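Student: The following block contains the structure, expressed as structure tokens.
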Amino acid sequence: MRPSLSLLLWVALVSWGLVVPVARAQPVRETRAQRHARVDALFATWRGKASPGCGVGVSRDGVRDYVKGHGLANLEFGVPLTPRSSFNLASITKQFVAFSIGLLAQEGKLSLDDDVRKHVPELPDHGKRITVAHLMHHINGLREQGQLLSLAGWRGEDLYTEEDVLWVQSRQRGVNFAAGEEVLYGNAAYSLLGIIVRRVSGKSLRAFADERIFKPLGMVDTSFRDDLAPPIPQRVTGYMPRAEGGWRLSSADLGYNGTSAVYSSVNDLLTWQQNLLDGRLGGTALRDLLQTSGRLNDGRETGYGGGLRLGAYRGLRTVSHDGYVAGFRTESILFPEQKLAITVLCNDGKIDPTVLARKVAEVYLGGLLKDMTPPAVVVPAEELAALAGSYWSPQTDEVVRLEVKDGALREVGSSAALTPIGQGAFLPAEPTPGVWRFNASAAPGAPVLGIQDFWPTTREFVRVREPMPTVGELEALVGQYRSDEVDMTYTVRLVDGKLALSWFRRDDLLLEPVGGNRFVSSFGAVSFTKGASGGVDGMLVSSRRLRRFRAERVSRGAPVPSAGTSAPGPR
């Protein structure tokens, strides 16, 4: 039988590179029951047990193939998880905020190029204009709201409101970086976008999303929670495991609307993922807007669209987002070319849904997935030992401490090892993306470690070589420090030979020295600055999403109380 002319033409176009064949989901070689059994096996740990667990949904070619709950939605009453159980989506919320912004932009009610202060005039002028698009793509440079509020006296599971977010952001005199220069994921941007939706539309984010997104798509289990009073049908409770065994309840209603306030089910999220494929609601232009990467000022793509991570997994393009908040961990991943959507929503704060979602993808995509991981190499023990130590980033003011434990290089206190792949490069443990690169031949004072994660901006670190502080040098740091940016006074004391930092509603935070006036803590890096006279004049606090937050020294030397006495702003 002779091949048809059309077939010959297609083969020729492929060979010339004018047509690229699209990898489709692999032909079905097993029964539906067999495939489901393989997915069931991935979640067997939680099935039929009195523990929290996960809701799992899979859709391909627009048809639901697997939708099931594993574990309990509520331990007190033994309520099982179902496809309609309503989870806090955590940061998956962001894509609904971005979609709302896109709808308003389509109607000409705002522009992505608008200065944010046009809609939120409470924000200070940080010198360089910050736009709505800067917020959407995480290239705005704003400091992280949760860490600022913690420094203002909020505890880990305290509720914070729109008033609180605006209060703390309006007081900031500094940013992490100038808008468009870097990309750094954070929640402040999407809280502000949620405020913009309300102010521009004249409706609450809940009412706007219900009317314009959830009801038109038939997402009956989905809503923004902007009022803590009304009950949520089939609501799931979040839990965290106790070190001694058992579980503790976690409050999931602590985030403001734009960041982690949508409750939804596996069933509804599959409907939403289908809209990300076909653009039935909002049209293909809005669908494409959410799936178009932001760009830095130098033109580099950030890999983040409108509340969506734009990446790849084992050679296949993905559109995804994960989330974590107080006892809930979530993952939603879409393989657009294969028309495969996977959602994993969990109510155990220690479950990693990203790893599980990828394993589900392997069940459905099989041989289409490539092994992209470079092979591990053996690094002599003495070479690993030479890499251990403390590193500081002049760019971000972060401190990274490395040790060799159980024959592997890892961050101090971490159970996850870094895997060497040769030429000074190491891979973090799955599912963390990126690479760590060491430059053993760097000149003195030059960066010797570069860390690149999901984002295109590489953080560069130098070795901390200053000697450890003496007792006398530690005593010179004791005193009180004041920040008007969060209306708080901080106390530094010497406790059993170590520095301790405390403030209103916060227990002592132990400061571990790494060299000179630089310390690390469970909150992040803490360092102390000196004025022209040589005396200590301030304290800096830095972490991944907060750079060089400063408190001025207001008293020194004399014994001070164990906690700051000033209360924060609005509660």
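Student: Can you find, within segment 369-387, the residue that is least open to solvent (accessible area, probe 1.4 Å) among those that are over 30 Å from LEU316 (Cα atoms) and of a type in the set (D, E, K, R)?
Tutor: GLU383
Student: If you don't mind, another one. Quickly run through segment 226-247 and pick out the residues that are without any contact (Cβ under 8 Å) to a residue 60 or more places away in the chain and basic (Lys, Arg).
Tutor: ARG242
Student: Any chance segment 454-467 includes a residue that's without any contact (Cβ under 8 Å) to a residue 40 or more places away in the chain, touching a Lys or Arg at 6+ places or on another chain (Cβ under 9 Å) and either assigned to a helix (DSSP H, G or I) or within 28 Å of ARG295 (Cα to Cα) (or both)? Break it down stepwise before answering.
Tutor: Taking segment 454-467 and keeping what is without any contact (Cβ under 8 Å) to a residue 40 or more places away in the chain, we get 458.
Filter once more, keeping what is touching a Lys or Arg at 6+ places or on another chain (Cβ under 9 Å): 458.
Adding the requirement that they be either assigned to a helix (DSSP H, G or I) or within 28 Å of ARG295 (Cα to Cα) (or both) leaves 458.
Among the residues of segment 454-467, at least one is without any contact (Cβ under 8 Å) to a residue 40 or more places away in the chain, touching a Lys or Arg at 6+ places or on another chain (Cβ under 9 Å) and either assigned to a helix (DSSP H, G or I) or within 28 Å of ARG295 (Cα to Cα) (or both), which makes the answer yes.
Student: Now for a different question. Out of the residues in segment 297-317 that are at negative phi and in contact with a helix residue (DSSP H, G or I) (Cβ under 9 Å, 6 or more places away or on another chain), which is surrounded by the most Cβ atoms within 10 Å (Cβ to Cβ)?
Tutor: Initially, segment 297-317 is screened for residues at negative phi, giving 297-298, 300-302, 304-306, 308-313, 316-317.
If we keep only those that are in contact with a helix residue (DSSP H, G or I) (Cβ under 9 Å, 6 or more places away or on another chain) as well, we get 304-306, 308, 313, 316.
On the way: TYR304: 22, GLY305: 22, GLY306: 26, LEU308: 24, TYR313: 21, LEU316: 18.
Among those residues, the one meeting the criterion is GLY306.
Student: Which strands (runs of 3 or more DSSP E) sit wholly inside segment 474-536 and have at least 2 residues that are of a type in the set (A, V, I, L, M, F, W, C) and either modelled with pLDDT under 95 or open to solvent by less than 40 Å² (accessible area, probe 1.4 Å) (or both)? Don't jump to the end; show me each part of the working.
Tutor: Details: elements: 479-483, 488-495, 498-503, 506-515, 518-520, 525-530.
Counting at least 2 such residues, we get 488-495, 498-503, 506-515, 518-520, 525-530.
Student: Moving on. Of the residues ARG155, ARG173, ARG199, ARG129, which is surrounded by fewer than 17 Cβ atoms within 10 Å (Cβ to Cβ), at pLDDT 95 or above and within 30 Å of LEU509 (Cα to Cα)?
Tutor: Exactly one residue qualifies, and that residue is ARG173.
Student: Here is a further query. Between a first residue in segment 149-174 that is at positive phi and a second residue that is part of a loop (DSSP other than H, G, I, E, B) and open to solvent by 40 Å² or more (accessible area, probe 1.4 Å), which pairs have beta carbons less than 8 Å apart while being 6 or more apart in sequence or on different chains?
Tutor: Listed pairs, sorted by first residue: GLY153/PHE504; GLY153/ARG505; GLY153/ALA567.
Student: OK, next. Looking at PRO231, PRO241, PRO216, which is the one that is under 25 Å from the mean Cα position of the chain (by Cα), open to solvent by 30 Å² or more (accessible area, probe 1.4 Å) and not aliphatic (A, V, I, L, M)?
Tutor: Only one candidate passes the filter, namely PRO241.
Student: Right, something else. Name every residue in segment 492-511 that is in contact with a Gly (Cβ under 7 Å, 6 or more places away or on another chain) and more than 18 Å from TRP154 (Cβ to Cβ), in order of residue number.
Tutor: The answer is VAL492, and nothing else.
Student: Please indicate, with yes or no, whether at least one residue in segment 288-296 is in contact (Cβ under 8 Å) with a residue 40 or more places away in the chain, in a helix (DSSP H, G or I) and under 26 Å from TYR324 (Cα atoms).
Tutor: yes
Student: Moving to a separate point now. May I ask you to verify whether THR343 is closer than 28 Å to ASP322 by Cα, in a strand (DSSP E or B), open to solvent by less than 40 Å² (accessible area, probe 1.4 Å) and of a type in the set (Ser, Thr, Tyr)?
Tutor: Yes; evaluated as a whole, the condition is true for this residue.
Student: Which residues, counting only those in segment 53-78, are β-branched (Val, Ile, Thr), surrounded by fewer than 24 Cβ atoms within 10 Å (Cβ to Cβ) and within 16 Å of SER265 (Cα to Cα)?
Tutor: VAL67
Student: Would you check if PRO570 is touching a helix residue (DSSP H, G or I) at 6+ places or on another chain (Cβ under 6 Å), modelled with pLDDT under 95 and closer than 30 Å to ILE139 by Cα?
Tutor: For PRO570, the condition - touching a helix residue (DSSP H, G or I) at 6+ places or on another chain (Cβ under 6 Å), modelled with pLDDT under 95 and closer than 30 Å to ILE139 by Cα - is met.
Student: Identify all residues within segment 379-396 that are without any contact (Cβ under 8 Å) to a residue 24 or more places away in the chain and under 25 Å from ARG544 (Cα atoms); write none if there are none.
Tutor: ALA388
Student: Checking the structure you have, find out if any residue of segment 417-431 is open to solvent by less than 30 Å² (accessible area, probe 1.4 Å), hydroxyl-bearing (Ser, Thr, Tyr), touching a residue at least 12 places away in the same chain (Cβ under 8 Å) and in a strand (DSSP E or B).
Tutor: No.
Student: Just need a number here: residues in segment 201-215 that are outside any helix (DSSP H, G or I) and either among the hydroxyl-bearing types (Ser, Thr, Tyr) or farther than 21 Å from SER111 by Cβ (or both). Spell out the reasoning first.
Tutor: First, the residues of segment 201-215 that are outside any helix (DSSP H, G or I): 202-204.
So of that shortlist, the ones also either among the hydroxyl-bearing types (Ser, Thr, Tyr) or farther than 21 Å from SER111 by Cβ (or both) come out as 204.
Residues meeting the conditions: 1.
Student: Based on what the data block shows, is ALA261 open to solvent by less than 60 Å² (accessible area, probe 1.4 Å), under 19 Å from the mean Cα position of the chain (by Cα) and at positive phi?
Tutor: So ALA261 does not fit the description; no.
Student: Just to be sure, is GLU181 more than 29 Å from VAL236 (Cα to Cα), in a loop (DSSP other than H, G, I, E, B) and out of contact with any His (no Cβ under 8 Å at 6 or more places or on another chain)?
Tutor: When the stated conditions are applied, GLU181 passes them.
The values are calculated or read from the model by the stated rules, or taken from the named source; none is laboratory data. For clarity, every value in this text was computed on a predicted model and none was experimentally measured. All Cβ positions, even for glycine, are placed from backbone atoms using ideal geometry, and neighbour counts span all protein chains on display. To get the accessible areas, we keep the full protein, side chains included, count just its heavy atoms, and leave off ligands, DNA and RNA. Shrake-Rupley method; radii C 1.70, N 1.55, O 1.52, S 1.80 Å.
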